[in-house]
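Enquirer: One structure is given below, represented as structure tokens, and several questions about it will come after.
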Amino acid sequence: MKIQLRGVRLRWPARSAGRFSLVAAAVAVLLPLVLAGCKGRTTTKTALEGEALRERFLDQHRLKGQVALIEFGQVGCELSDQGLKQMALLHREKSIPGLSFVRVEASDNAAAVEKYYQGMSLEFPLHRDPDTSVGRAFSATAYPTFIVVGKFGRVRYRGRFPSERLGEWVAALRAEKTDPGPGVALLGAPVLDVPKLLAQTKLPDLGGRERTLGRLMGSGGLMLMFVDTTCPYTRQAMDDIPTVASSLSELRINTVLINIDDPEQAVKSTFAARPVGAMVIYDVTSRTRNYWNVHSVPTVVYIDPERKIGYKGGAVWADLGAAIEEARGLAKGTVSFEAEGTEYG
């Protein structure tokens, strides 16, 4: 792969493509398992493969043309359990006409899953996702995450259980006549107070020194990448960081990795064995993830010199480059990342 920035071309080895395999499983009263990936494999998948997986999931559960509430949860997570109970109650009451329901179960512990759901008698589909391939395809790997899908198959909401405005949203989505397209804004998406977040996000670096994000801004902005120590797609994106960070520094954009939700020792041992060429700070709790509204890793955020978000999404370097060009008023093609990166996480 290559990366080009202002005429400078840098090279590093291309990655080998992984396999995309079928995993079959069944639990009493469950529907068949959908096409899945390979757990723990650092696979470079194309956007078309992710789209195809989403399409197969929607087809399998007959959600095409429907408005659906989908919970991505995990056995053993108390909040996931509470979310499932809320969804089951909403389904029983049938208080929102035309709303379909699906639970996506991420646990790979088959015995625990069977015990948990045995005798539960769910009245809507339960989809096994032990390798989290479906969760990654929908960018929902923080549990629980609720997604509302419109009748054209677009994700229209992603976040906590949407109890307050769900009925209003479903009515509006059912009334849609045309596909809003892939770039449609999410319903209920919070407006982040970036200056406040930059001032209040104070986390330790790997040496134990507390860092305030606002003081880490470069004159050209700040690129954040939210990561963890276990996600294979995070590892894939981190492989690109030494070169990406070096190139961004030419535009006076600083790069900071924020590790979330992992124990301190796991963070320190991971980055000791895998230097990334950029500052790493970490939060062993979920507070930073919640404040920044991050639902999966890796998530990349570019903050421009005016302290506004110019990009928030997957570690797709071409998209990041285009966002930087727009935010900085640079000519198209000025920042060109030929490294593929990954939209999954």
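Enquirer: If you go through region 64-94, how many residues are among the β-branched types (Val, Ile, Thr) and within 20 Å of Ala106 (Cβ to Cβ)?
Expert: 2
Enquirer: Something else now. In the set Glu71, Glu105, which member is surrounded by 14 or more Cβ atoms within 10 Å (Cβ to Cβ), in contact with a Phe, Trp or Tyr (Cβ under 7 Å, 6 or more places away or on another chain) and modelled with pLDDT of 95 or more? Give the steps one after another, and end with the answer.
Expert: Values: Glu105 fails: in contact with a Phe, Trp or Tyr (Cβ under 7 Å, 6 or more places away or on another chain).
The unique qualifying residue is Glu71.
Enquirer: Looking at Ala140 and the list (1) closer than 22 Å to Cys231 by Cα; (2) of a type outside the set (D, E, K, R); (3) out of contact with any Phe, Trp or Tyr (no Cβ under 9 Å at 6 or more places or on another chain), which single condition is not satisfied?
Expert: So Ala140 meets the others, but not (3).
Enquirer: Output the qualifying pairs, or none if there are none: Cβ atoms under 6 angstrom, residues six or more apart or on different chains, first residue in region 257-271 and in a helix (DSSP H, G or I), second residue hydroxyl-bearing (Ser, Thr, Tyr) and surrounded by 15 or more Cβ atoms within 10 Å (Cβ to Cβ).
Expert: Ala266/Thr229; Val267/Tyr282; Thr270/Thr229
Enquirer: Sticking with this one: Please find, among Gly181, Gly208, the residue that is part of a loop (DSSP other than H, G, I, E, B), under 21 Å from the mean Cα position of the chain (by Cα) and on the phi > 0 side of the Ramachandran plot.
Expert: Gly181
Enquirer: List every residue pair whose Cβ atoms sit under 9 Å apart, with the two residues 6 or more apart in sequence or on different chains, where the first one lies in region 117-139 and is part of a helix (DSSP H, G or I) and the second, anywhere, is polar (S, T, N, Q).
Expert: Short answer, once both residue conditions are applied: Gly135/Thr141; Gly135/Thr145; Gly135/Ser296; Arg136/Ser296.
Enquirer: Please find, within region 322-342, the residue that is farthest from Thr299 (Cα to Cα) out of those that are under 23 Å from the mean Cα position of the chain (by Cα) and without any contact (Cβ under 8 Å) to a residue 60 or more places away in the chain.
Expert: Ala322
Enquirer: Restricting attention to region 147-155, does a residue exist that is closer than 16 Å to Ser296 by Cα and crowded, with 22+ Cβ neighbours inside 10 Å?
Expert: Taking region 147-155 and keeping what is closer than 16 Å to Ser296 by Cα, we get 147, 155.
Adding the requirement that they be crowded, with 22+ Cβ neighbours inside 10 Å leaves 147.
Taking every residue of region 147-155 in turn, at least one turns out to be closer than 16 Å to Ser296 by Cα and crowded, with 22+ Cβ neighbours inside 10 Å.
Enquirer: Is it fair to say Ser269 is modelled with pLDDT under 90, surrounded by fewer than 16 Cβ atoms within 10 Å (Cβ to Cβ) and of a type outside the set (Phe, Trp, Tyr)?
Expert: no
Enquirer: Is one or more of the residues making up region 310-320 out of contact with any Asp or Glu (no Cβ under 9 Å at 6 or more places or on another chain), crowded, with 23+ Cβ neighbours inside 10 Å and closer than 26 Å to Gly135 by Cα?
Expert: Yes: region 310-320 contains one or more residues that are out of contact with any Asp or Glu (no Cβ under 9 Å at 6 or more places or on another chain), crowded, with 23+ Cβ neighbours inside 10 Å and closer than 26 Å to Gly135 by Cα.
Enquirer: So which residues in region 306-336 are part of a loop (DSSP other than H, G, I, E, B), within 19 Å of Leu257 (Cα to Cα) and either touching a helix residue (DSSP H, G or I) at 6+ places or on another chain (Cβ under 8 Å) or among the basic types (Lys, Arg) (or both), if there are any at all?
Expert: Arg307, Lys308
The values are calculated or read from the model by the stated rules, or taken from the named source; none is laboratory data. Model, not experiment: these values are computed from the prediction. A quick note on method: Cβ atoms are made from the backbone with ideal geometry, for glycine too, and the neighbour counts reach across all protein chains shown.
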